[in-house]
Amino acid sequence: MTRLRFTRKSLGIPYAVFLLFFVILPMLVIVFYAFTDKQMHVSFGNFIQFFSDPTKLSTIVYSLVIALITTAVCLLIAYPVAYILARSKMKRKFVILLLFVTPMWINFVLRVNAIRELLNWMGLLGEANYFNTIFGMVYDFLPFMILPLYTTLLKIDESLFEASADLGAGGFTTFTRITLPLSMPGVASGITMVFLPSMTNYVVSDMLGNSKVTIIGKFIYEYFGTNWHMGSMVALILLVVVFLSTWLTGGFREDETVRGANL
Amino acid sequence: MNKKRFGALLLSALTLLPTLLFAAGCGGEQTVVLRVFNWEEYIDEGGEDSWDGTEDAPAMIERFETWYEDVYGTPIRVEYSTFGTNEDMYNQLQLGDTYDLLCPSEYMIMKLAAEGYLQPYEESFFDASREENYYIRSVSPFIREMFESNRINKADESDDATWADYAAGYMWGVTGFTYNPEYVELAELSELGWDIMRAPQYHNKVTTKDNVRDSYFVALAICYRDEIEALDKTSPDYNQKLTEIMNRTDDETIAKVEAIMHEMDENIYGYETDTGKADIVSGRIWLNFAWSGDAVYAMDLAEAGEDEEGNETDSTLLNFFIPEECANLWFDGWVMPKGANTQAAQAFVNFLSMPENAVRNMYYIGYSGVIAGEEVLDYVKECYEIDPADYESDEEYVSYDLSYFFGDTVEAGSAVFLADREQAEHRQLQAHYPTQETTARCAVMDYYGEEANEAINELWSRIKSETLDAWAIAVICVGAVLVVAAVLLLKFGSKIDFFRLPPKKGYKLVGQESVRQDK
């Protein structure tokens with residue numbers, strides 16, 4: 001009997017099996033369903049139907065807009081927070097960071113319910129469904145924006161700022177020429193982590209928008225109740241949109257500049 | 001013992017282990033397995049909330065397992081799982097999950113039957129002379145009539161099988177509105193009927209279900225209100241005509257309904273599946289489209305001055321309103337898929353149909369069961385019968401007649417009792433057990449058929465989503481393409497010759513740079 005030898009390659013086998021069964025095969029199943037009809041014949045009917053139906057296109061557009069606004073608002077709030085936390089000489093800033101992140105540890109449904117009560121108390125529930133949805137999403141995804149920004153900003157070499165000051169650059173110039181460009185990997189990974197889920201998180205839009213706001217995730221859910229083929233097609237199209245946006249924001253870059261940026 | 005031998009031994013031991021365990025588990029006698037697939041929170045789960053009210057009160061499933069072994073002499077194990085919507089259940093079936101007993105709603109039963117999934121009940125199940133056949137001995141004559149007169153496969157004229165052949169009832173009810181009489185006048189509701197959904201005075205104060213069939217039904221009732229009201233209520237085929245109207249799915253109807261549903265969408269507070277009960281109790285909304293069982297639950301909560309988590313709130317009295325033109329009558333029933341263990345499945349249905357157990361389930365889940373009989377009537381009377389001595393004037397109570405429901409399962413005349421007028425006309429009692437006058441104007445919603453279903457689902461997605469104008473979509477698409485193109489240019493533009501100026505005179509390109517040419 002030969003001795004079993006663990007090479008590096010064989011250590012990778014469990015991961016390969018996992019990827020095969022939980023990533024690649026499901027994806028193939030989705031593609032299969034998307035391009036077949038109810039009689040399981042190959043068909044482009046779903047594809048054509050999707051792109052000729054203004055309702056479905058509108059839903060994609062609305063989801064994109066909601067996701068864009070959510071991401072922008074998250075970025076606007078998170079950048080200053082991350083910047084202050086990373087660059088200031090404050091004592092115990094870890095505690096502040098923790099305060100921003102702790103909500104993530106509380107059950108999601110509970111948080112959304114709390115926001116619902118809050119919005120009701122403010123008299124907004126049922127009055128401003130789109131605002132409520134975006135409000136809930138921003139609240140929910142903010143930590144995912146702060147964390148990667150914080151880690152990249154923290155890793156910028158202190159000497160760069162000294163050099164910049166030496167050469168006579170003011171605070172603003174230093175920010176635009178040094179801080180911002182060097183934090184772009186953090187921005188990119190923050191965007192990917194907020195943008196994608198906010199297109200599909202229909203629990204927020206159902207609870208806070210009283211189900212009057214339909215985003216693409218809800219659409220997929222509803223189709224999977226009645227027509228798997230159309231549901232798969234919508235899921236596939238979402239996948240393409242997600243892939244494109246990740247690629248455009250540089251989420252696939254393997255440069256060393258992104259170190260620490262991806263959680 | 002050398003290592004190799006030991007390894008081999010260990011390996012074979014591991015392989016054998018499951019087999020050994022299995023053999024041990026089975027013991028001498030074969031355990032019967034019954035796979036039941038039911039709605040969530042749709043059976044007595046024992047414990048403090050149950051009829052016995054003690055912490056160790058056994059759940060219905062455990063009681064069934066004990067009972068079955070006592071009666072049939074073989075041990076049984078129930079594998080119980082639950083679903084959230086009829087469509088979820090259908091998907092599970094399609095994925096190849098096997099069950100012995102399912103509890104879908106009437107239209108899903110019809111769909112399953114039309115697609116050949118179901119197995120009929122055996123003849124012995126309907127033999128009332130056998131003691132263990134509790135279902136057929138105690139089912140309400142009203143329900144029985146309903147099940148025996150509705151054909152299960154409406155698409156196929158030659159198929160004259162009825163619901164009763166394939167399904168045994170479990171729970172039933174009607175639809176209507178739970179409302180808060182503090183804000184809402186009953187007279188106004190009666191005048192509006194289902195049009196409450198579009199009434200501007202209830203803007204943002206009324207909800208509907210986040211489910212296409214219920215909303216479609218409401219819109220149909222609004223759409224054909226005149227036609228429904230013109231029907232002769234005394235004619236014998238009144239209900240048949242009503243049912244026909246309330247199941248229309250032709251293109252013209254769908255177009256009309258779509259317009260109505262858009263107006264509803266503009267007016268309502270929102271669509272809900274579960275939050276409506278809490279919202280009506282807290283006063284956030286005034287009117288909540290509700291199934292009767294949920295309405296009873298909400299009224300009980302509000303009256304007790306509790307919210308769903310059991311915190312104390314102000315006690316409010318909520319009412320239930322069933323629009324006078326018509327309402328939806330619904331059922332959930334037990335059906336057996338092909339290949340089911342019919343003996344065990346039928347035994348389970350019979351066990352649930354023992355009037356005592358029917359009361360336990362009703363007490364626990366709050367819906368009305370299809371089972372009649374003395375025990376059930378006693379329970380209803382315990383809840384609602386009043387003593388006229390407690391009342392100052394005979395205006396405050398009425399005689400409530402449930403003979404149509406209990407029929408000959410109880411002593412003649414005993415199903416008529418005195419009830420509080422408020423209860424009988426506006427509150428729990430009329431939601432829990434509507435009168436014959438109410439059920440007569442209720443229509444059952446059929447399975448619409450594959451094609452109509454698709455059309456209605458598409459309609460639903462149009463209602464639920466905002467639809468932009470074609471030009472707006474075109475503009476946005478072009479914009480998106482431009483943005484993508486711009487980003488691509490920024491990223492890769494420098495690598496494409498086309499976008500770069502040719503090198504100046506005297507320079508040449510080396511890689512990406514222009515370099516001065518040496519003379």
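FYI, it's all coordinate maths here, none of it is from the lab. Values in this document were obtained by computation on a predicted structure and should not be read as measured data. FYI the Cβ positions are ideal-geometry reconstructions off the backbone, even for glycines, and counts take in every protein chain you see.
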Calculated from backbone phi, Karplus (6.51, -1.76, 1.60) coupling profile of the range A:175-180 in Hz, x at Gly/Pro: 5, 6, 8, 10, 4, 4
Dipole of the range B:292-369, positive direction: furthest Cα of B:305, B:341, B:319, with charges on the beta-carbon: B:341
Candidate lysines for bridging to residue B:504, where Cα separation is under 21 Å - those fewer than 8 sequence places away on the same chain excluded: B:495, B:519
In nm, spacing of pseudo-spin labels at residue B:74 and residue A:128 (7 Å Cα→C-beta vector): 6.5 nm
The range B:368-437, dipole about Cα centre (Lys/Arg Cβ +1, Asp/Glu Cβ -1), debye to the nearest 20: 340 debye
HN-Hα J in Hz across the range B:44-54 - Karplus 6.51, -1.76, 1.60, θ = phi - 60°, x for Gly and Pro: 5, 9, x, x, 5, 7, 7, 4, 6, x, 9
Farthest positive-ward along chain A dipole, Cα basis, beta-carbon charges - from A:17, A:179, A:200: A:17
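List the GluC sites (Glu not before Pro) in the range B:282-329 that DSSP assigns to loop (not H, G, I, E or B) and whose Cβ has at most 12 other Cβ atoms within 10 Å. Which are they?
Values: sites: B:303, B:306, B:308, B:309, B:312, B:324, B:325; in loops: B:308, B:309, B:324, B:325.
Sites meeting the loop and neighbour criteria: B:309.
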Contact order relative to length of chain A, as percent, for alpha carbon pairs under 8 angstrom and 6 or more apart: 28 percent
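Report Rg(Cα)/(2.2 N^0.38 Å) for the protein assembly as shown, keeping two decimals. List each step's numbers first, then the result.
Details: Rg = 32.5 Å, N = 782, 2.2 N^0.38 = 27.7 Å.
Against the empirical 2.2 N^0.38 Å value, I get 1.17 for the protein assembly as shown.
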Protection-proxy order for peptides B:205-214, A:174-183, each taking the mean of Cβ atoms within 10 Å per residue, highest first: B:205-214, A:174-183
Distant-in-sequence amide H partners of residue B:416 (H built 1.01 Å from N, under 5 Å): B:402
Protection proxy ranking, peptides A:226-234, A:153-161, average beta carbon neighbours within 10 Å, highest first: A:226-234, A:153-161
Magnitude of the charge dipole, the range B:88-140, Cβ model with Lys/Arg +1 and Asp/Glu -1, debye to 20: 140 debye
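Counting DSSP beta bridges in the protein assembly as shown, what percent are antiparallel, to the nearest 5? Before the final figure, lay out each step's value.
Details: 35 of 52 bridges.
Here the antiparallel bridges make up roughly 65 percent for the protein assembly as shown.
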Average other protein chain Cβ within 10 Å of Cβ, residues A:49-59: 5
Environment charge of residue A:229, counting only residues whose C-beta is closer than 13 Å and scoring Lys/Arg +1, Asp/Glu -1: -1
Isotropic mean projected area of the C-alpha convex hull, chain A (nm²): 21.7 nm²
C-alpha center-to-center spacing [the range B:276-354, the range B:156-202] in angstrom: 13 Å
Distance from the range A:190-234 to the range B:62-85 (C-alpha centre basis), Å: 38 Å
Relative contact order for chain B, counting Cα pairs under 8 Å that sit 6 or more residues apart, in percent: 20 percent
Karplus-derived HN-Hα couplings along the range B:129-138 (A = 6.51, B = -1.76, C = 1.60, θ = phi - 60°), whole Hz, x at Gly and Pro: 7, 7, 5, 6, 7, 5, 4, 6, 7, 10
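If we count every other residue with Cβ under 11 angstrom of residue B:192's Cβ, Lys/Arg +1 and Asp/Glu -1, where does the sum land? Don't skip to the answer; put the middle values down first.
On the way: positive: B:198, B:225; negative: B:185, B:188, B:191, B:195, B:324, B:325.
Its environment carries a net charge of -4.
Let me confirm one metric for peptide B:272-280, namely the mean number of other chain beta-carbon atoms within 10 Å of its residues' beta-carbons. Present the calculation step by step, with values, prior to reporting the outcome.
Numbers: counts 4, 2, 0, 6, 0, 0, 2, 5, 0.
Rounded to a whole number, the mean comes out at 2.
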Peptide B:452-459, shielding by other chains (average Cβ, 10 Å cutoff): 3
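Net charge near residue A:59: determine it from the other residues with C-beta under 14 Å of the C-beta of residue A:59, scoring Lys and Arg +1 and Asp and Glu -1. Don't skip to the end; give the middle numbers.
Values: positive: A:56, A:212, A:218, B:462, B:464; negative: A:53, A:222, B:458, B:466.
Once all neighbours under 14 Å are counted, the net charge is +1.
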Debye, to nearest 20: dipole size of the protein assembly as shown, +1 on Lys, Arg Cβ, -1 on Asp, Glu Cβ: 8660 debye
Neighbour-count ranking [beta-carbon atoms within 10 angstrom, fewest first] of A:221, A:62: A:221, A:62
Amide proton proximity set for residue B:80, modelled H, under 5 Å, gap of 5+: B:36
Qualifying lysines (Cα of each under 20 Å from Cα of residue B:205; at least 8 residues distant if same chain): A:212, B:277, B:464
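By the gyration tensor of its Cα atoms, with a ≥ b ≥ c the square roots of the eigenvalues, what is the shape of the range B:391-443: rounded for a/c under 1.5, prolate for a/b over b/c, or oblate?
Values: a/c = 2.61, a/b = 1.27, b/c = 2.06.
Oblate.
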Amide H within-cut-off set for residue B:169, under 5 Å, with H built and near neighbours excluded: B:334
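Normalising by the residue count of the range B:117-263, find the relative contact order in percent from Cα pairs under 8 Å and 6+ residues apart. Write out the running numbers ahead of the final one.
On the way: 79 pairs, mean separation 21.0, N = 147.
Across the range B:117-263, relative contact order equals 14 percent.
R0 = 45 Å: FRET efficiency of residue B:314 with residue B:266, Cβ-based, nearest 0.05?
Values: r = 32 Å, r/R0 = 0.70.
FRET efficiency, residue B:314 to residue B:266: 0.90.
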Computed label-point distance, nm, for sites residue B:393 and residue B:491 using a 7 Å Cα→Cβ extension: 8.1 nm
Dipole of the range A:53-258 [Lys/Arg +1, Asp/Glu -1 at C-beta], most positive-end residue of A:121, A:133, A:85: A:121
